[in-house]
Amino acid sequence: SLAQKRPMGFGKAISWLVRLVIFGGLILVLVLLAQVPPLTEIKTTAHDLEAFGRKRANLENAVATRKPAAVSLSSAELNAYLGKPEFDEAQGSGVKVLPVTLQVDLEDGRFTVHFIGKIKVGSSFEKGLSLAYTAIPKLDDGRLTFVPVAAQIRKLTVPKFVLEHTSFIQGYFGQLFHKLDVDKELLKTLTSVSIEPGDVLLEYKPPAKP
């Protein structure tokens, strides 16, 4: 007669369940990494770029003459100025990142930077790349920092503790804006930076005379 199968022990059942959960998690990660989330494009015009330049000049003049000023920038004006991101392209046959779109969405008290591009390895492999980084601007005694809130690689959410204890995502987006040093110095002189959906308000108040 056929031997009867022994029932699975409690320890083996737990071990099997843990392996199943890990396997399911890996499948979910791969599925999320395979999907590029849709991005609603913010349309910009030459007029938006013109308006940005005029408002920035007004703010720079206020700082230079130590006069109070407040400037409101729309999402279209900000994105018209940022334009297409630029990278120093890697030489040789290694990994290259080819930028396609860089967009900043202004939300309630925070902003999200979206980067859409392509990752290319040699001449045989090319894959779409999508990154998103959400942060809150914090201005304190002339020091401008960005408090991380969330990040995504394609549709995969990066855990918040990873953002708080590593600088990989922040450093990557810092590379995108590395040519904006003049603007960062201007932002450091401001009194406040406040964001609402579709607009960012920059305020400057000269320090009190001693």
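Cβ-Cβ distances below 7 Å connect the following pairs, each with a first residue in region 49-64 that is farther than 20 Å from Asn79 by Cβ, a second residue that is open to solvent by less than 50 Å² (accessible area, probe 1.4 Å) and among the aromatic types (Phe, Trp, Tyr), and a separation of six or more residues or different chains: Ala62/Tyr204; Val63/Tyr204. Counting only residues that are acidic (Asp, Glu) and assigned to a strand (DSSP E or B), which one in region 109-144 is modelled with the highest pLDDT? Among those residues, the one meeting the criterion is Asp140. Under the condition of being touching a Phe, Trp or Tyr at 6+ places or on another chain (Cβ under 8 Å) and either of a type in the set (A, V, I, L, M) or part of a helix (DSSP H, G or I) (or both), the residues counted in region 57-70 number 5. Note on region 42-53: residues that are over 23 Å from Pro197 (Cβ atoms) and open to solvent by 60 Å² or more (accessible area, probe 1.4 Å) amount to 2. For region 81-108, the set of residues classified as of a type in the set (Val, Ile, Thr), surrounded by 13 or more Cβ atoms within 10 Å (Cβ to Cβ) and either over 13 Å from the mean Cα position of the chain (by Cα) or at pLDDT below 70 (or both) consists of Val97, Val100, listed by residue number. The residue of region 145-173 that is modelled with the highest pLDDT, among those that are assigned to a helix (DSSP H, G or I) and surrounded by 12 or more Cβ atoms within 10 Å (Cβ to Cβ), is Lys160.
The values are calculated or read from the model by the stated rules, or taken from the named source; none is laboratory data. Because the structure is a prediction, the values reported are computed rather than measured. Reconstructed Cβ throughout: ideal geometry from the backbone, glycine too, with neighbour counts over all protein chains shown. Protein only, heavy atoms only, side chains kept; ligands, DNA and RNA dropped before computing areas. Shrake-Rupley method; radii C 1.70, N 1.55, O 1.52, S 1.80 Å.
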